[in-house]
Amino acid sequence: MDYAANQQWLHNLCTSSNTNANYEDDFTQTLIIVAGDVSHDLEILQWTFQTLKCRFAEVVYTPGNHELWLDKKRNITTTNTNTNTNTTTTTNKICQSSGKGDGCTNSIEKLERVLQCCLDNNVHIGPCKVGSNDAPLWVIPLLSWHHESFDTEPQIECWDGIPSARRVVSDYYRTTWPQPLSQQDDSVAEFLDGLNDIILDLDELKKDNNINCRILTVSHFLPRIELIPEKRYLTLPTLHSSVGSTYLERRLRQLRSSCGKSDDDKDDHLHAFGHSHLSWDLHIDGVRYVHVPLAYPREWQQRRGSLEIGTMQGEVSDLRHPVCIWDSSLIGDDTEESTGFPRDWLGGWWSKYYDVIPREPHRNKELAPWAAKRFR
């Protein structure tokens with residue numbers, strides 16, 4: 001939401017009549033999931049929540065890395081490029097920041113401010129139950145952070161000039177962590193995962209003990225390395241070390257076990273994630289993993305095919321809409337797959353690729369042509 005074009009998109013979605021006749025216009029019975037990276041600016045974050053609450057019945061949110069960036073003082077940008085059409089124009093931001101910054105001394109303090117903003121605006125940061133008691137859906141947002149040991153695949157060899165993620169990823173210089181937490185090890189990721197034990201009061205979930213219960217977990221970061229293309233395909237081949245958390249996948253499995261589910265159970269658990277800016281819809285070990293990126297406006301101009309998924313597609317941004325990943329009206333319709341989750345594949349170019357082509361991380365001495373031209 002730091003971009004004027006994205007602010008305009010959200011404003012149009014939540015305050016105007018929907019222009020797409022094939023998309024549901026009444027959101028009064030709809031819960032929307034926001035999987036992090038709204039803004040590092042608390043004023044923009046609050047505006048986003050308030051805008052969403054004008055249209056949607058409930059909002060579920062988990063913070064991304066941008067929200068934990070410290071923002072002590074900055075220049076105010078008031079214009080940006082509008083990418084609604086092929087014509088490049090200048091668009092004023094709807095939410096103007098005061099530019100005063102957040103005043104936080106470290107990223108844990110910033111997290112506290114972010115979570116308080118959620119509570120002040122009645123945004124869910126913990127489990128909530130929707131649907132009927134006969135076939136409920138538990139929506140469970142999870143706190144997380146990336147750590148380098150998440151990357152278990154071989155590094156690219158025989159190429160010079162590839163920078164480390166620590167050199168180029170903003171998280172390493174825009175966040176500050178109180179001791180003994182450090183991004184040089186797993187301690188930040190472990191600490192934030194541990195906060196889930198406090199925020200997630202799972203007693204009611206465990207008591208539910210409903211064999212027809214479905215689970216929809218939410219994180220910003222990736223739970224599995226299979227949810228990002230291999231290093232040889234990336235323009236930053238070292239990115240894997242700053243995208244995911246093994247603690248997340250472990251927690252997903254614990255949640256499944258708490259609900260009496262096993263890896264053999266199918267179509268009863270969907271995990272929505274963010275961060276990668278690559279659309280995704282793929283089943284792995286009994287869990288369906290989905291990413292619906294809003295992304296940066298320029299990315300829709302440069303590589304729209306890797307972002308499109310479900311109703312979030314098209315050259316004109318106002319015709320892109322949040323993707324429905326659970327619908328209570330589908331349950332009990334006498335079909336074999338009446339779980340409420342979408343029956344069909346939603347999209348995602350890279351996830352379709354890996355549904356057909358095996359992952360081969362051992363091919364670490366080559367780069368795709370679009371990546372190779374950047375290095376030696």
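The values are calculated or read from the model by the stated rules, or taken from the named source; none is laboratory data. Note that the coordinates shown come from a computational prediction; the quantities given were computed from them, not determined experimentally. Note: ideal-geometry Cβ built from the backbone for every residue, glycine included; neighbour counts use all protein chains shown. Just the protein is used for accessible areas: all its heavy atoms, side chains included, with ligands, DNA and RNA removed. Shrake-Rupley method; radii C 1.70, N 1.55, O 1.52, S 1.80 Å.
Observations on the model:
- Pair list, Cβ < 7 Å and 6+ apart or interchain, from region 166-180 residues that are under 19 Å from residue 276 (Cα atoms) to residues that are charged (D, E, K, R) and open to solvent by 30 Å² or more (accessible area, probe 1.4 Å): 172/166
- If you go through region 277-314 and keep only what is open to solvent by 20 Å² or more (accessible area, probe 1.4 Å), among the β-branched types (Val, Ile, Thr) and not in a loop (DSSP other than H, G, I, E, B), you end up with just 284.
- Failed item, numbered, when residue 108 is tested on (1) within 30 Å of residue 181 (Cα to Cα); (2) at pLDDT below 95: (2)
- With a requirement of 1 or more residues that are at pLDDT below 65, more than 20 Å from residue 142 (Cα to Cα) and hydroxyl-bearing (Ser, Thr, Tyr), the strands (runs of 3 or more DSSP E) lying completely within region 7-89 that satisfy it span 79-82.
- Among the residues making up region 43-57, a single one is touching a residue at least 60 places away in the same chain (Cβ under 8 Å) and crowded, with 23+ Cβ neighbours inside 10 Å: 45.
- Taking (1) within 19 Å of residue 220 (Cα to Cα); (2) modelled with pLDDT under 95 in turn, residue 204 satisfies each apart from (1).
- When residue 327 is tested against (1) over 30 Å from residue 155 (Cβ atoms); (2) crowded, with 20+ Cβ neighbours inside 10 Å; (3) modelled with pLDDT under 95; (4) not aromatic (Phe, Trp, Tyr), just one condition goes unmet, and that condition is (2).
- Enumerated helices (runs of 4 or more DSSP H) restricted to region 133-234, each holding at least 3 residues that are open to solvent by less than 30 Å² (accessible area, probe 1.4 Å) and in contact with a Gly (Cβ under 8 Å, 6 or more places away or on another chain): none
- Evaluation of residue 343 against (1) over 25 Å from residue 9 (Cβ atoms); (2) not in a loop (DSSP other than H, G, I, E, B) (one fails), failing number: (2)
- For beta carbons closer than 7 Å, sequence separation of 6+ or different chains, a first residue in region 343-359 that is closer than 21 Å to residue 304 by Cα and free of Cβ contacts under 8 Å to residues at least 12 places away in the same chain and a second that is hydroxyl-bearing (Ser, Thr, Tyr) and open to solvent by less than 60 Å² (accessible area, probe 1.4 Å), there are no qualifying pairs.
- Subset of region 97-132 (residues that are in a loop (DSSP other than H, G, I, E, B) and open to solvent by 40 Å² or more (accessible area, probe 1.4 Å)): 98, 100, 103, 105, 122, 131, 132
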